[in-house]
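Q: Can you read through this structure? Questions will come right after.
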Amino acid sequence: MTKIWILTANSNHARLFTADSPIGPLTELETFDNPDARAKQMDLTSDRQGRSFDSHGEGRHAMAVEVDPKEQEQIRFAKLIADRLEQGRVANTFERLVVVAAPAFLGLLRTHFNTSLNALLSLEIDKDYTA
């Protein structure tokens, strides 16, 4: 009997389901919440950007951050979910994986999937069905 894991996710919330067959009923395994994704950007940073001197002359300018704090929280959440899926793969808990995620978040998830997990991926849908 085939064991299938179905992940529905966006940057705020994710739910992991299991099914014994493609037409079998879904059973919820786990729920993941990311309250920091709903926080305001000013709540995620401690203070203003740092300042630096120009390399030539006496001017000063603000130093830009490479990744804004909200996006960093989304990356952290995608990594957490990918790690959980990897744990299931290593334990042989499922044979096939279906991922249904918001388009931008699906891209973040893909960056954290390794080749072994990608091999079990049977379907990806870029829609937000978390609600």
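The values are calculated or read from the model by the stated rules, or taken from the named source; none is laboratory data. Predicted model only: the values in this text are computed from it and were never measured. Don't worry about glycine lacking a Cβ; one is built from the backbone with ideal geometry, like all the others, and counts go over all protein chains shown. For the accessible areas, the whole protein counts, side chains as well, though only heavy atoms, and no ligand, DNA or RNA atoms are used. Shrake-Rupley method; radii C 1.70, N 1.55, O 1.52, S 1.80 Å.
Q: If we keep just the residues of region 1-43 that are open to solvent by 50 Å² or more (accessible area, probe 1.4 Å) and in contact with a helix residue (DSSP H, G or I) (Cβ under 8 Å, 6 or more places away or on another chain), which is modelled with the lowest pLDDT?
A: Q41
Q: Further question on the same structure: How about region 96-121: which of its residues are in a strand (DSSP E or B) and touching a residue at least 40 places away in the same chain (Cβ under 8 Å)?
A: Those that are in a strand (DSSP E or B) and touching a residue at least 40 places away in the same chain (Cβ under 8 Å): R96, L97, V98, V99, V100, A101.
Q: Okay, next question. Taking the stated definitions as given, is D54 out of contact with any Phe, Trp or Tyr (no Cβ under 9 Å at 6 or more places or on another chain), modelled with pLDDT under 65 and over 30 Å from S122 (Cβ atoms)?
A: yes
Q: Does E73 count as surrounded by 13 or more Cβ atoms within 10 Å (Cβ to Cβ), modelled with pLDDT under 90, not in a strand (DSSP E or B) and not basic (K, R)?
A: Answer is yes for this residue.
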